[in-house]
1. Answer yes or no: is there a residue in the range 27-38 that is under 14 Å from the mean Cα position of the chain (by Cα) and either more than 18 Å from Trp122 (Cβ to Cβ) or modelled with pLDDT of 95 or more (or both).
2. From the list Phe80, Phe67, which residue is surrounded by fewer than 14 Cβ atoms within 10 Å (Cβ to Cβ), over 22 Å from Arg154 (Cβ atoms) and hydrophobic (A, V, I, L, M, F, W, C)?
3. Which one of Asp89, Asp109, Asp118, Asp126 is more than 21 Å from Asp149 (Cα to Cα), of a type in the set (Asp, Glu) and over 18 Å from the mean Cα position of the chain (by Cα)?
4. Counting only residues that are of a type in the set (D, E, K, R) and at positive phi, how many does the range 59-87 have?
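The values are calculated or read from the model by the stated rules, or taken from the named source; none is laboratory data. It should be emphasised that the depicted structure is a prediction, and the values quoted were computed from it without experimental measurement. Because the Cβ atoms are built from the backbone with ideal geometry, glycine has one as well, and the counts that use them run over all protein chains shown.
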Amino acid sequence: MYGIRWLILSAIVVLVDQITKLLAVKHLLGRPPVVVVPGFFDFSLVYNTGAAFGLLNKAEGWQNLFFIVVATLVSVFLVFSLYRMNRSDIQIAMAFALILGGAIGNVIDRIQQGYVVDFIHWFYQDWHWPTFNIADSAITIGAVLLVLDVLGLRLFVRQNRT
């Protein structure tokens, strides 16, 4: 039952993701990018019908349902896994919670609009990192935490109290 507590983190990710997407659409729709750091970082509204980095963005529409199904299956697996977590699995639980929150945040967009709202844009001269959102950030951080765990690098270790 310990892992279920991590669902609060997932819920926070979903909430922050959805609020920031609403704000992005409200303040960026039909307007030029909002420059945050000139020459490096701005907020630009992008509707992404594909996956991360625009993967399958040019497909003929089937990809939306595909990503909804995949994200839903992954989410069910993550909830089940969180339910079975041990107290010592802090890093894995955090990673799963972040990935779950991000997946749900993007699935909400896909179900409601048929695309994902992206708005965070990093660039330098002619180089542009694909525009992303809070859900994508949570998924990425979760994935990094999992890779670090596999490599034996644990950032979060539960101390035994005597």
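1. no
2. Phe80
3. Asp126
4. Of the residues in that region, 0 qualify.
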